[in-house]
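Worksheet: one structure, shown below.
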Amino acid sequence: MGLSLIDYIVVFLYLAGIAAIGLTISLRGQKTTSKYFVADKQIPTWAVAFTLMATLISSNTLVAHPAIVFKSSMILVPGFLLIPFVLVFVAIVVVPFYRRVIGMSAYEYIGKRFGLGGRIFTSFGFILDRTFDIGVTLVTTGIVVSVMTGWDIRWVLAGVGLFTVVYTCIGGIQAVVWTDVAQGIVLIGGGLLILGMLLFSPEAGPPGAVVAEAWRAGKFSFGNPELSWRSLFNQEERTVWMFLAAMGILWTRRYVCDQNMVQRYLIAKTDAEARKGTLIGAALSVPILLGFNLIGACLYGFYALTDAQAPEIVDYLLPYFVLEFLPAGIVGLLVAAILAASMSSLSSDLNSIATVLTRDYFQRFLPNLADSVHLKIGRLMVLVSGSISVVIGLIIAPTEISEPLATKALTIATIITTGTLGLFALGFLSRKATRTGCYTGIACTLIFMSWALLTSSGHPWFDWFPIRYTMNTILIGIFGQFVMFGTGWIASVFLGGYRPEDIDSLIYKRSREAS
């Protein structure tokens, strides 16, 4: 079992095409930080839409989402349906606000609203989250390639990471955007091809038989619908409402607070084009996310109706099917699609991490350095963050039957970035919020997170705590956002503190009037 010569040729041609795009962009010159990080705000609407979609969709979507449906059901789908509602709000309110208030980094806003401490808290949380997510993306990519080729997953992680780091480092955000366009086309085509092969697979019976079988097995269920106090303490099963709450927080945070998304709003030519690109990006993303969940259901139906044996490690499900049942050449195209999803997400995150490190740290603490020096620092940050992410990928690579990677990643992501959305909401929605309230909220959130994580770990060292966190762990990150907002607002009201003189330009009411 392995790739044929024609498959290798297809993959090589894809990689050569991506490299050519990156090289072409680099030859145009990336001589300023503005051009390197926000493309001098010259990216057209349709390209903004594609890069937003490609930033959201990664190899995790292609590999881990079908695995979740195969093992349980479409528990993530209700959360995907929240995306259009979040994006309408973002397009109408957030996009013009950011284009007016910040230059390159989303965390400039927190700096203006609350000062340096809040800016470091939110930007550092983003760096941790995206570095971890790059590791997850590398793992899911490594799974596919290693299963199909027999190569050691460690070499796959290093190779994909290095290739992406190089073209991101050379070409900046423009290389990221235009490779995202090409990769988005390959991704959509690959997904449609897999779905078509499953729906019309002769081994599984008449067309659509796999869907009917998956329906009978309950794979189109959204999970446990229980809404009760008792269900919140169930450590074994997460209900529909838990996933809705977690993913509602996740999407809102990503599109409002995360640099890799906010940066896309800044690269468009005008506010109107940025808004339109955001909405089109949502229209592209939702069907793709739903489509790969449908692929997971169809894979269940396929293996239930045929004599084929599904792999024991559920995250290996899609690559095994592709390699065993698709013809030569098509396999190479689908490997290219998975690489496309991976590298588009990786390059976006690497460029965004470099933007944050350069803008929120080096330019903040070393403002007198020449712009050309900051540009070199930005390129170096791409290399450093990419290397760290490869190490993370090697640590978290699955080696046994376990919970699908995407559900673990969702839980970890909500914990790593807890409080970020709460702090943005505090500054954006409340005129009364002060710097004292911000720091109080951060302190209370860190205390809550430490208590919840330590007492829920099950380690005997923490058995002496008189009060322990016993609810489902996916709720920790959700509660953290409310702890941040609630304690920050209460402290602001009762303790007062500093507020910027231009406060009316930094809150929602004023931004709506200005737009």
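Among the listed residues LEU13, LEU62, which satisfies the condition of being modelled with pLDDT of 85 or more, more than 20 Å from GLN174 (Cβ to Cβ) and of a type outside the set (D, E, K, R)?
On the way: LEU62 fails: modelled with pLDDT of 85 or more.
Testing whether each residue is modelled with pLDDT of 85 or more, more than 20 Å from GLN174 (Cβ to Cβ) and of a type outside the set (D, E, K, R) leaves just LEU13.
Are there any pairs with C-beta distances below 7 angstrom linking a residue in segment 372-394 that is part of a helix (DSSP H, G or I) to a residue that is among the small types (Gly, Ala, Ser) and at pLDDT below 90, with the two at least 6 apart or on different chains, and if so which?
Going by the 7 Å Cβ cut-off, the qualifying pairs are GLY386/GLY161; SER389/GLY135; SER389/GLY161; VAL390/ALA158; VAL390/GLY161; ILE392/GLY135; GLY393/GLY135; GLY393/GLY142.
For a quick check of your reading of the model, give me the residue pairs whose first member lies in segment 466-484 and is assigned by TED's automatic domain parsing to the domain that holds TRP241 and under 20 Å from LEU426 (Cα atoms), whose second is among the acidic types (Asp, Glu) and part of a loop (DSSP other than H, G, I, E, B), with beta-carbon atoms closer than 9 Å and at least 6 apart or on different chains.
Note: no pairs meet the criteria.
Going through segment 454-483 one residue at a time, which ones are within 22 Å of the chain's Cα centre (by Cα) and of a type outside the set (Phe, Trp, Tyr)?
THR473, ILE474, LEU475, ILE476, GLY477, ILE478, GLY480, GLN481, listed by residue number.
Does segment 34-46 contain at least one residue that is buried (at least 19 other Cβ atoms within 10 Å of the Cβ), touching a Leu at 6+ places or on another chain (Cβ under 7 Å) and more than 20 Å from GLY172 (Cβ to Cβ)?
No; the residues of segment 34-46 include none that is buried (at least 19 other Cβ atoms within 10 Å of the Cβ), touching a Leu at 6+ places or on another chain (Cβ under 7 Å) and more than 20 Å from GLY172 (Cβ to Cβ).
Going residue by residue through segment 138-154, is there one that turns out to be modelled with pLDDT under 85, surrounded by fewer than 24 Cβ atoms within 10 Å (Cβ to Cβ) and under 24 Å from ARG379 (Cα atoms)?
Checking segment 138-154: not a single residue is modelled with pLDDT under 85, surrounded by fewer than 24 Cβ atoms within 10 Å (Cβ to Cβ) and under 24 Å from ARG379 (Cα atoms).
Checking the condition crowded, with 21+ Cβ neighbours inside 10 Å, out of contact with any Phe, Trp or Tyr (no Cβ under 6 Å at 6 or more places or on another chain) and of a type outside the set (S, T, N, Q), which residue from PHE200, PHE124, PHE114 passes? Let's see the steps before the verdict.
Details: PHE200 fails: crowded, with 21+ Cβ neighbours inside 10 Å; PHE124 fails: crowded, with 21+ Cβ neighbours inside 10 Å.
Residue meeting the stated conditions: PHE114.
Which of the numbered conditions does LEU195 fail, given that it passes all the others? Conditions: (1) of a type in the set (A, V, I, L, M, F, W, C); (2) within 30 Å of ILE330 (Cα to Cα); (3) out of contact with any Gly (no Cβ under 9 Å at 6 or more places or on another chain).
(3)
Taking only segment 421-454 into account, find how many residues are surrounded by fewer than 18 Cβ atoms within 10 Å (Cβ to Cβ) and over 21 Å from PHE97 (Cβ atoms). Lay out the reasoning, then the answer.
In the first step, residues of segment 421-454 are kept if they are surrounded by fewer than 18 Cβ atoms within 10 Å (Cβ to Cβ); the result is 429-432, 443, 446-447, 450-451, 453-454.
Keeping just the survivors that are over 21 Å from PHE97 (Cβ atoms) gives 443, 446-447, 450-451, 453-454.
Qualifying residue count for the region: 7.
Restricting attention to segment 235-263, which residues are at pLDDT 90 or above and either among the hydroxyl-bearing types (Ser, Thr, Tyr) or not assigned by TED's automatic domain parsing to the domain that holds VAL286 (or both)?
THR252, TYR255
Yes or no: THR55 touching a strand residue (DSSP E or B) at 6+ places or on another chain (Cβ under 9 Å) and of a type outside the set (A, V, I, L, M)? Write out each step before concluding.
Details: touching a strand residue (DSSP E or B) at 6+ places or on another chain (Cβ under 9 Å): no; of a type outside the set (A, V, I, L, M): yes.
No: the conditions fail for THR55.
Any residue in segment 425-446 that is among the small types (Gly, Ala, Ser) sitting within a Cβ distance under 8 Å of a residue that is outside any helix (DSSP H, G or I)? List the pairs, counting only those 6 or more apart or interchain.
GLY427/ALA433; GLY427/LEU506; GLY427/ILE507; SER430/ILE507; ALA433/ARG499; GLY437/GLY497; GLY441/GLY419
Among the residues of segment 298-330, write down those that are closer than 22 Å to VAL186 by Cα and within 26 Å of the chain's Cα centre (by Cα).
Applying the first criterion (closer than 22 Å to VAL186 by Cα) to segment 298-330 yields 298-299, 315-330.
Answer for segment 298-330, where residues must be closer than 22 Å to VAL186 by Cα and within 26 Å of the chain's Cα centre (by Cα): CYS298, LEU299, ASP315, TYR316, LEU317, LEU318, PRO319, TYR320, PHE321, VAL322.
For segment 286-307, state whether one or more residues are acidic (Asp, Glu) and either surrounded by 21 or more Cβ atoms within 10 Å (Cβ to Cβ) or in contact (Cβ under 8 Å) with a residue 12 or more places away in the chain (or both). So that I can check it myself, show each step before the final result.
Within segment 286-307, the subset acidic (Asp, Glu) is 307.
Of the ones still in play, those that are also either surrounded by 21 or more Cβ atoms within 10 Å (Cβ to Cβ) or in contact (Cβ under 8 Å) with a residue 12 or more places away in the chain (or both) are none.
No, that holds for no residue.
Among the residues that make up segment 116-123, is at least one of them within 19 Å of ASP502 (Cβ to Cβ), of a type in the set (Phe, Trp, Tyr) and in a helix (DSSP H, G or I)?
no
Report yes if some residue within segment 179-195 is assigned by TED's automatic domain parsing to the domain that holds ARG254 and under 30 Å from LEU429 (Cβ atoms); otherwise report no. Give the steps one after another, and end with the answer.
From segment 179-195, those assigned by TED's automatic domain parsing to the domain that holds ARG254 are 179-195; that's our starting set.
Adding the requirement that they be under 30 Å from LEU429 (Cβ atoms) leaves none.
No - not one qualifying residue is present in segment 179-195.
Mind checking which residues of segment 161-215 are closer than 24 Å to PHE325 by Cβ and hydroxyl-bearing (Ser, Thr, Tyr)?
SER201, the sole residue that qualifies.
Scanning for something assigned by TED's automatic domain parsing to the domain that holds THR141, closer than 26 Å to ILE57 by Cα and surrounded by fewer than 16 Cβ atoms within 10 Å (Cβ to Cβ), does segment 328-347 turn up at least one residue?
As a first pass, look at segment 328-347 and keep what is assigned by TED's automatic domain parsing to the domain that holds THR141: 328-347.
Filter once more, so that each one left must be closer than 26 Å to ILE57 by Cα: 328-347.
With the extra rule that they be surrounded by fewer than 16 Cβ atoms within 10 Å (Cβ to Cβ), the set shrinks to 328-329.
Looking through segment 328-347, at least one residue is assigned by TED's automatic domain parsing to the domain that holds THR141, closer than 26 Å to ILE57 by Cα and surrounded by fewer than 16 Cβ atoms within 10 Å (Cβ to Cβ).
Can you list the helices (runs of 4 or more DSSP H) lying wholly within segment 240-327 that have 1 or more residues being under 30 Å from VAL483 (Cα atoms) and of a type in the set (Phe, Trp, Tyr)? Before you say what the answer is, go through the steps one by one.
Working: elements: 240-257, 259-266, 271-305, 317-325.
The helices (runs of 4 or more DSSP H) meeting that bar are 240-257, 259-266.
Do we find a residue being within 30 Å of ARG119 (Cβ to Cβ) and either touching a helix residue (DSSP H, G or I) at 6+ places or on another chain (Cβ under 6 Å) or of a type in the set (Val, Ile, Thr) (or both) anywhere in segment 212-231?
Going through segment 212-231, the residues within 30 Å of ARG119 (Cβ to Cβ) turn out to be none.
No, every residue in segment 212-231 fails to be within 30 Å of ARG119 (Cβ to Cβ) and either touching a helix residue (DSSP H, G or I) at 6+ places or on another chain (Cβ under 6 Å) or of a type in the set (Val, Ile, Thr) (or both).
Does GLY223 qualify as being farther than 27 Å from GLU324 by Cβ and either assigned by TED's automatic domain parsing to the domain that holds ALA297 or among the polar types (S, T, N, Q) (or both)?
Numbers: farther than 27 Å from GLU324 by Cβ: yes; either assigned by TED's automatic domain parsing to the domain that holds ALA297 or among the polar types (S, T, N, Q) (or both): yes.
So GLY223 passes the test.
The values are calculated or read from the model by the stated rules, or taken from the named source; none is laboratory data. Predicted, not measured: the structure shown is a model, and the values here were computed from it. Positions of Cβ are generated from backbone atoms using ideal geometry, with glycine treated the same way; all protein chains shown enter the neighbour counts.
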